[in-house]
Amino acid sequence: MPVIHTAVTTDPIDQARLERAVSSAHAGARVSFAGLIRDHDEEAEGTVVRLDYSCHPEAGKFLADVANAVAAELDPAGEAVLAVEHRVGSLGVGEVAIVAVAASAHRREAFDLCQALVDRVKAEVPIWKHQHEASGRASWSGLGLPQ
């Protein structure tokens, strides 16, 4: 089973735990991505101070479906291993919102799997962010539902 863990959580994400979970003697490469809350955004008029993430009640299922689809499409032999968690709730600048990890026999596969996983999670999983700025201005993004 190439996807070993997916979760939408309110708890801080333990990247090292996910890295350990995908590690094996077969894996010659492990690639991790951690998405952090930053203090700026192209849609912001000022400094971003926090993001409030909310999600569809079945976001966990969407997340698992995306991870399984990425694994099936990019690793049809089923040798790579993936794990991904996305956090919801109120997150401040510097906090981790998403961690994706891919392990495979070769580095190119691990990089490709991790990048595709993150890109598809952002595009297809119904998780929305309410961005708050230092000025008090707030705006929503990611409100479209997956197709």
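The values are calculated or read from the model by the stated rules, or taken from the named source; none is laboratory data. Keep in mind that what you see is a predicted model, and the values were worked out from it rather than measured. Cβ placement follows ideal geometry from the backbone for every residue including glycine, while neighbour counts extend to all protein chains displayed. Ligands, DNA and RNA are stripped out before the accessible areas are found, and what is left, the full protein with its side chains, is counted by its heavy atoms. Shrake-Rupley method; radii C 1.70, N 1.55, O 1.52, S 1.80 Å.
Seen from residue 128, the other residues with C-beta closer than 12 Å to its C-beta sum to a net charge of +1, counting Lys and Arg as +1 and Asp and Glu as -1. Our coupling estimate for region 16-24, obtained by passing each phi through the Karplus curve with A = 6.51, B = -1.76, C = 1.60 and θ = phi - 60°, is 4, 5, 5, 4, 5, 5, 8, 6, 7 Hz, Gly and Pro reported as x. Solvent-accessible area per residue in region 1-86 equals 55 Å², computed with a 1.4 angstrom probe and all protein chains kept. Dimensions of the chain from C-alpha coordinates, computed as largest minus smallest value along each principal axis and given longest first, are 51, 29, 25 Å. Ranked by the mean number of other Cβ atoms within 10 Å of their residues, highest first, the peptides 112-122, 29-39 come out as 112-122, 29-39.
Placing unit charges on the Cβ atoms only, positive for Lys and Arg and negative for Asp and Glu, gives region 33-77 a dipole magnitude near 220 debye about its Cα centre.
Among 132, 106, 56, the order of accessible area from largest down is 106, 56, 132, computed with a 1.4 Å probe on protein heavy atoms.
Take the solvent-accessible surface of the protein heavy atoms, probe 1.4 Å, and return the percent of it on region 45-142 that carbon and sulfur atoms account for. Ligands and nucleic acids excluded, carbon and sulfur reach 52 percent. Along its principal axes, region 1-51 has C-alpha extents of 48, 24, 17 angstrom, given from the largest down.
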